[in-house]
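Novice: Before I ask anything, let me first share the structure, which is written out below as structure tokens.
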Amino acid sequence: MAWDFSTEPEFAEQLDWVAEFCRTEVEPLDLVFPGAAYSRDPKAKALADPLKQQVKDRGLWALFLDHDLGGPGFGQLKLALLNEVLGRYRSAPVIFGTAAPDTGNMEMLAAYGTEAQKDRWLKPLMNQEIFSAYSMTEPQGGSDPNLFKTHATRDGDEWIINGEKWFTSAGFHADIIFVMCTNGMFVVPRETPGVKIMEFPAVHNHIRYENVRVPVDHLLGPEDGAKVLAQRRLGGGRIHHAMRTVAQVKLAFDMMCERALSRESHGKVIAEHQMVQEMIADSYAEINMLRLLVLWTAWTIDNTDTRRSRTQIATCKYTCAKVLRDVSYRALHIMGSLGTTDLTPLQAMWAGAPTMAIADGVDEVHKVTVARNVLKGYEPHPGVWPTEYIPAKRDEARKKYADLIAADPDLAAWADLAAKRGHGRVR
Ligand SMILES: Cc1cc2nc3c(=O)[nH]c(=O)nc-3n(C[C@H](O)[C@H](O)[C@H](O)COP(=O)(O)OP(=O)(O)OC[C@H]3O[C@@H](n4cnc5c(N)ncnc54)[C@H](O)[C@@H]3O)c2cc1C
């Protein structure tokens, strides 16, 4: 199948607009009024809403959703190129309607919601009239869904949810929470009696669900379908994180190169020291390997679906954490003492690398997925020798020339000598 690397001129023009818009509008808002893009305060909204409107007017709002799911339907490859810009700026995903955790929750609603559920929750989520959170992880262990205990019991026209969740991002600010129960995925309005949000942690909330009653139509997708819905949700989320990581490491790289050309030490600019050059060269290679991996994965999703791209998505997940860790560390190191402060984005970026290796599933679990899936394409070799054991292969190949070798003593001597000396040139 052909894989085209070119970007259509119309979309390239959109990307140029996005880069300029982020530089001149989004970044200044972030620097002067941090958090304004997320806030419900009327003064903050008066600053952020006109920017969101500009994005809508350009047809770039909620770009992650396919056409059949209610979005503009640009596909993952274009989204990857867009996220390579947006990921540089803290508020850009909100200003463009592509911020987690709402994106994954909208994907679930779009794919599994009834028309009534979409009207009630998907449309206001898309318009950022309401915000959502996702409650899956439990205090006793997050990596293994078989350990989860939160359960819903049917009682007439209602479900009663009991359980405890841990690290529900932005749960405190959400209007609705998607709660993964052992027997289904439920939409729970945060104000429902029995939803108890603990004081700590502050951002990723610890929530107890105590006899929380929701009407039957708050079950999303089929009963017992929570794991399928979760996969759908997390598949998209993981590749989106990887797309934004490309933006982050490019930013780190730009800072690294600028600094390397700007400082002197021991008689030359530091860019002329070979160990600095090695850091630049390694970072350049790793960033581009990650970028191509992400684009290839996005292209595969566009041409198949997230389920059939699972191995690639999992590869993106742990690779982006590693590249973020290594490149941000090198950039921070080249920046010297300044890099250790919070006066540049580098310290936060580096501190974010371990988070990237845990959020949306720990790296180990994704590596297991990749290894298992990749191994399905292989079989053990039949005998004691591996397939590429040269003496055995040569014996087999010799059979092809048996008649020639039998007829020509010169060729026979050549073949015998090759067999004795191994692979090298013998004539
Ligand atoms: C920033 C952030 C945001 C998050 N947001 C949400 C959210 O909105 N909603 C939500 O539900 N959850 C959220 N999470 C939680 C996240 O999904 C879990 O942290 C993750 O699944 C790991 O679970 P755990 O923290 O319980 O770690 P554990 O499962 O206890 O794992 C700890 C360690 O054990 C080892 N380990 C575990 N399993 C294996 C294995 N199979 N093979 C080898 N080693 C293994 C690994 O070293 C791993 O790092 C978020 C996490 C972060 C960091």
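Novice: Of the numbered conditions (1) surrounded by fewer than 20 Cβ atoms within 10 Å (Cβ to Cβ); (2) among the hydrophobic types (A, V, I, L, M, F, W, C); (3) within 30 Å of Val370 (Cβ to Cβ), Cys320 satisfies every one except a single condition; which is it?
Specialist: (1)
Novice: Which condition from (1) modelled with pLDDT under 95; (2) part of a helix (DSSP H, G or I); (3) loosely packed, with under 14 Cβ neighbours inside 10 Å is the one that Arg372 breaks?
Specialist: Every condition holds for Arg372 apart from (1).
Novice: Quick check on my filter: what residues within region 106-136 are surrounded by fewer than 20 Cβ atoms within 10 Å (Cβ to Cβ) and touching a strand residue (DSSP E or B) at 6+ places or on another chain (Cβ under 8 Å)?
Specialist: Hits for region 106-136 are Tyr112, Gly113, Gln117, Ile130.
Novice: Regarding Gly104, is this residue at positive phi and within 14 Å of the ligand (Cβ to nearest atom)? Outline the logic, then answer.
Specialist: On the way: at positive phi: no; within 14 Å of the ligand (Cβ to nearest atom): yes.
No, not satisfied.
Novice: When Thr340 is evaluated against the numbered criteria (1) surrounded by 18 or more Cβ atoms within 10 Å (Cβ to Cβ); (2) under 24 Å from Ile358 (Cβ atoms), which criterion, by number, is the only one it fails?
Specialist: Unmet condition: (1).
Novice: Oh, and also: Filter region 120-144 for residues that are within 17 Å of Leu69 (Cβ to Cβ) and within 16 Å of the ligand (Cβ to nearest atom); which is modelled with the lowest pLDDT?
Specialist: Leu125
Novice: Scan Thr344, Thr387 and give me the residue that is in contact with a His (Cβ under 6 Å, 6 or more places away or on another chain) and part of a loop (DSSP other than H, G, I, E, B). Full working, then the answer.
Specialist: On the way: Thr344 fails: in contact with a His (Cβ under 6 Å, 6 or more places away or on another chain).
Selected residue: Thr387, the only one of Thr344, Thr387 that is in contact with a His (Cβ under 6 Å, 6 or more places away or on another chain) and part of a loop (DSSP other than H, G, I, E, B).
Novice: With respect to Arg307, is the statement that it is among the charged types (D, E, K, R) and over 13 Å from the mean Cα position of the chain (by Cα) true? Outline the logic, then answer.
Specialist: On the way: among the charged types (D, E, K, R): yes; over 13 Å from the mean Cα position of the chain (by Cα): yes.
In short, yes.
Novice: Determine the pairs where a residue that is over 14 Å from His204 (Cβ atoms), located within region 130-146, has a partner that is near the ligand (Cβ under 6 Å from one of its atoms) and not basic (Lys, Arg) with Cβ atoms under 6 Å apart, the partner being 6 or more residues away or on another chain.
Specialist: Correct list of pairs: Ser143/Val362; Ser143/Val365.
Novice: List the residue pairs whose Cβ atoms are under 7 Å apart, where the first residue sits in region 164-182 and is farther than 18 Å from Gly361 by Cα, the second is assigned to a helix (DSSP H, G or I) and near the ligand (Cβ under 8 Å from one of its atoms), and the two are 6 or more positions apart or on different chains.
Specialist: Going by the 7 Å Cβ cut-off, the qualifying pairs are Ile177/Gly171.
Novice: A further question on this structure: Write out, first by first residue and then by second, each pair whose Cβ atoms fall under 8 Å of each other, whose residues are 6+ apart or on separate chains, and whose first residue, in region 251-274, is without any contact (Cβ under 8 Å) to a residue 40 or more places away in the chain while the second is β-branched (Val, Ile, Thr).
Specialist: Once the first residue is without any contact (Cβ under 8 Å) to a residue 40 or more places away in the chain and sits in region 251-274, its partners that are β-branched (Val, Ile, Thr) give Cys257/Ile280; Leu261/Val269; Ser262/Val269; Glu264/Ile270; Ala271/Ile280.
The rows are residues; the columns are (1) surrounded by 15 or more Cβ atoms within 10 Å (Cβ to Cβ); (2) out of contact with any helix residue (DSSP H, G or I) (no Cβ under 9 Å at 6 or more places or on another chain).
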{"position": "Trp159", "(1), (2)": "yes, no"}
{"position": "Phe172", "(1), (2)": "yes, yes"}
{"position": "Met185", "(1), (2)": "yes, no"}
{"position": "Glu199", "(1), (2)": "no, yes"}
{"position": "Tyr209", "(1), (2)": "yes, yes"}
{"position": "Arg213", "(1), (2)": "yes, yes"}
{"position": "Val216", "(1), (2)": "no, yes"}
{"position": "Pro222", "(1), (2)": "no, no"}
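Novice: Something else: Given the structure, is Arg325 closer than 24 Å to Ala285 by Cβ, in a helix (DSSP H, G or I) and within 16 Å of the ligand (Cβ to nearest atom)? Give the steps one after another, and end with the answer.
Specialist: Numbers: closer than 24 Å to Ala285 by Cβ: yes; in a helix (DSSP H, G or I): yes; within 16 Å of the ligand (Cβ to nearest atom): yes.
It is true that Arg325 is closer than 24 Å to Ala285 by Cβ, in a helix (DSSP H, G or I) and within 16 Å of the ligand (Cβ to nearest atom).
Novice: Same structure again: Tell me, which helices (runs of 4 or more DSSP H) wholly within region 15-105 include 1 or more residues that are surrounded by 16 or more Cβ atoms within 10 Å (Cβ to Cβ) and of a type in the set (Val, Ile, Thr)?
Specialist: On the way: elements: 27-32, 42-57, 76-86, 92-95.
Where helices (runs of 4 or more DSSP H) fall fully within region 15-105 and carry at least 1 residues being surrounded by 16 or more Cβ atoms within 10 Å (Cβ to Cβ) and of a type in the set (Val, Ile, Thr), they are 42-57, 76-86, 92-95.
Novice: Can you tell me how many residues in region 348-378 are away from the ligand (no atom under 11 Å from the Cβ) and touching a residue at least 60 places away in the same chain (Cβ under 8 Å)?
Specialist: 3
The values are calculated or read from the model by the stated rules, or taken from the named source; none is laboratory data. All of these numbers come straight from a predicted model, not from anything done at the bench. FYI the Cβ positions are ideal-geometry reconstructions off the backbone, even for glycines, and counts take in every protein chain you see.
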